[in-house]
Amino acid sequence: MKKISKILRGRKNIVFLDFEGTQRTSEMIAIGAISCSIDKDGTIKKYKKPFRMYVRSLSKVGPFVEKLTGITDELLRKQAVSFSEAMVALKKYVGLLWKKSLFVTFGNNDMRILNQTISHNLKFPKEICEQIHQNYFDFAAFFNNYVKDDNGNNLSLVHSCEVYGVELVGTPHDPANDAVHLSLLYDAFVRKTDITTLRYEQVLFANKKMPEPVVEVMNRIKEGKTVTPEDFKEAVKNELL
């Protein structure tokens with residue numbers, strides 16, 4: 001896919017990320033990641049074993065986040081490491097391809113969690129965080145241009161996977177599982193161009209913000225009618241005169 005190729009800009013590795021944060025302050029409490037090598041056409045050719053690590057926060061997890069993720073204050077006391085340790089471990093997990101990787105999330109909330117955590121830590125691995133910031137891609141913002149639900153709304157990660165027939169590997173909202181689900185969705189989006197094309201057509205047909213002549217022509221196409229350049233010119237004329 002040409003648009004994906006432009007985004008990758010020759011990179012051969014993608015790190016799919018999912019951060020979980022506290023309810024009140026959005027401090028990071030968990031990192032999920034999966035590092036994947038990419039073929040020339042943008043498809044994934046090899047998946048590394050997923051990465052999961054819990055992170056200590058200054059504030060409590062919060063009941064909503066606890067119920068959603070299963071992460072508790074007690075779990076963090078027993079298993080969590082400092083933010084710096086967790087980011088260093090993430091870099092080590094990715095390995096030699098760290099500086100050649102694209103870091104991908106589903107939505108901008110993950111970067112908000114990263115930034116909030118940085119603001120709560122006077123000492124943080126600046127170089128590691130900058131590498132993510134400078135090589136970051138929000139797949140949801142891109143994906144939502146082409147795939148929506150029947151009412152024109154953006155889809156969640158789970159519902160997006162359903163559209164492409166991607167089977168979930170485990171419970172959603174586990175950071176490692178969500179990172180894996182994102183990698184599978186990305187690969188399905190690139191490979192299953194028939195689904196992507198069909199869904200994009202539906203998005204275009206439902207777009208009410210296009211100029212009236214374009215809407216008129218699109219409606220004719222939607223009805224299965226043949227449309228010629230002359231038809232488009234006539235639609236433009238009808239709009240103006």
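The values are calculated or read from the model by the stated rules, or taken from the named source; none is laboratory data. Bear in mind that the values here come from a model prediction, so they are computed numbers and not experimental data. In this analysis, Cβ positions are derived from the backbone assuming ideal geometry, glycine residues included, and neighbour counts consider all displayed protein chains.
Only one of 118, 113 is in contact with a Cys (Cβ under 7 Å, 6 or more places away or on another chain), surrounded by 15 or more Cβ atoms within 10 Å (Cβ to Cβ), under 24 Å from residue 23 (Cβ atoms) and of a type outside the set (S, T, N, Q). Can you tell me which?
Being in contact with a Cys (Cβ under 7 Å, 6 or more places away or on another chain), surrounded by 15 or more Cβ atoms within 10 Å (Cβ to Cβ), under 24 Å from residue 23 (Cβ atoms) and of a type outside the set (S, T, N, Q) holds for just one of 118, 113, which is 118.
For region 65-77, state whether one or more residues are in the same structural domain as residue 178 (by TED's automatic domain parsing), within 23 Å of the chain's Cα centre (by Cα), over 21 Å from residue 47 (Cα atoms) and of a type in the set (Asp, Glu). Spell out how you get there, then give the answer.
Taking region 65-77 and keeping what is in the same structural domain as residue 178 (by TED's automatic domain parsing), we get 65-77.
The next check asks that each one be within 23 Å of the chain's Cα centre (by Cα); those that pass are 65-71.
Retained after the next criterion (residues that are over 21 Å from residue 47 (Cα atoms)): 65-71.
The next check asks that each one be of a type in the set (Asp, Glu); those that pass are 66.
Scanning region 65-77 turns up at least one residue that is in the same structural domain as residue 178 (by TED's automatic domain parsing), within 23 Å of the chain's Cα centre (by Cα), over 21 Å from residue 47 (Cα atoms) and of a type in the set (Asp, Glu).
If the requirement is being out of contact with any strand residue (DSSP E or B) (no Cβ under 8 Å at 6 or more places or on another chain), surrounded by 14 or more Cβ atoms within 10 Å (Cβ to Cβ) and among the acidic types (Asp, Glu), which of these qualifies: 20, 74, 27, 66? Steps first, please.
Numbers: 20 fails: out of contact with any strand residue (DSSP E or B) (no Cβ under 8 Å at 6 or more places or on another chain); 74 fails: surrounded by 14 or more Cβ atoms within 10 Å (Cβ to Cβ); 27 fails: out of contact with any strand residue (DSSP E or B) (no Cβ under 8 Å at 6 or more places or on another chain).
Result of the check over 20, 74, 27, 66: 66.
If you go through region 190-234 one residue at a time, how many are assigned to a loop (DSSP other than H, G, I, E, B) and hydrophobic (A, V, I, L, M, F, W, C)? Break it down into steps so the answer makes sense when it comes.
Quick first cut of region 190-234, residues assigned to a loop (DSSP other than H, G, I, E, B) only: 192, 207-211, 223-228.
Retained after the next criterion (residues that are hydrophobic (A, V, I, L, M, F, W, C)): 210, 227.
Residues meeting the conditions: 2.
Regarding residue 143, is this residue within 30 Å of residue 195 (Cβ to Cβ), in contact with a strand residue (DSSP E or B) (Cβ under 9 Å, 6 or more places away or on another chain), assigned by TED's automatic domain parsing to the domain that holds residue 56 and touching a residue at least 40 places away in the same chain (Cβ under 8 Å)?
Working: within 30 Å of residue 195 (Cβ to Cβ): yes; in contact with a strand residue (DSSP E or B) (Cβ under 9 Å, 6 or more places away or on another chain): no; assigned by TED's automatic domain parsing to the domain that holds residue 56: yes; touching a residue at least 40 places away in the same chain (Cβ under 8 Å): yes.
Criteria not met by residue 143.
Going by what's in this entry, would residue 43 be described as touching a helix residue (DSSP H, G or I) at 6+ places or on another chain (Cβ under 7 Å), in contact (Cβ under 8 Å) with a residue 60 or more places away in the chain and farther than 18 Å from residue 6 by Cα?
On the way: touching a helix residue (DSSP H, G or I) at 6+ places or on another chain (Cβ under 7 Å): yes; in contact (Cβ under 8 Å) with a residue 60 or more places away in the chain: yes; farther than 18 Å from residue 6 by Cα: no.
For residue 43, the condition - touching a helix residue (DSSP H, G or I) at 6+ places or on another chain (Cβ under 7 Å), in contact (Cβ under 8 Å) with a residue 60 or more places away in the chain and farther than 18 Å from residue 6 by Cα - is not met.
Consider region 138-158. How many of its residues are surrounded by 15 or more Cβ atoms within 10 Å (Cβ to Cβ) and either within 14 Å of residue 18 (Cα to Cα) or of a type in the set (A, V, I, L, M, F, W, C) (or both)?
Residues in region 138-158 being surrounded by 15 or more Cβ atoms within 10 Å (Cβ to Cβ) and either within 14 Å of residue 18 (Cα to Cα) or of a type in the set (A, V, I, L, M, F, W, C) (or both): 8 in total.
On the given criteria, is residue 87 under 17 Å from residue 138 (Cα atoms), modelled with pLDDT of 95 or more, hydrophobic (A, V, I, L, M, F, W, C) and part of a helix (DSSP H, G or I)?
Details: under 17 Å from residue 138 (Cα atoms): no; modelled with pLDDT of 95 or more: yes; hydrophobic (A, V, I, L, M, F, W, C): yes; part of a helix (DSSP H, G or I): yes.
For residue 87, the condition - under 17 Å from residue 138 (Cα atoms), modelled with pLDDT of 95 or more, hydrophobic (A, V, I, L, M, F, W, C) and part of a helix (DSSP H, G or I) - is not met.
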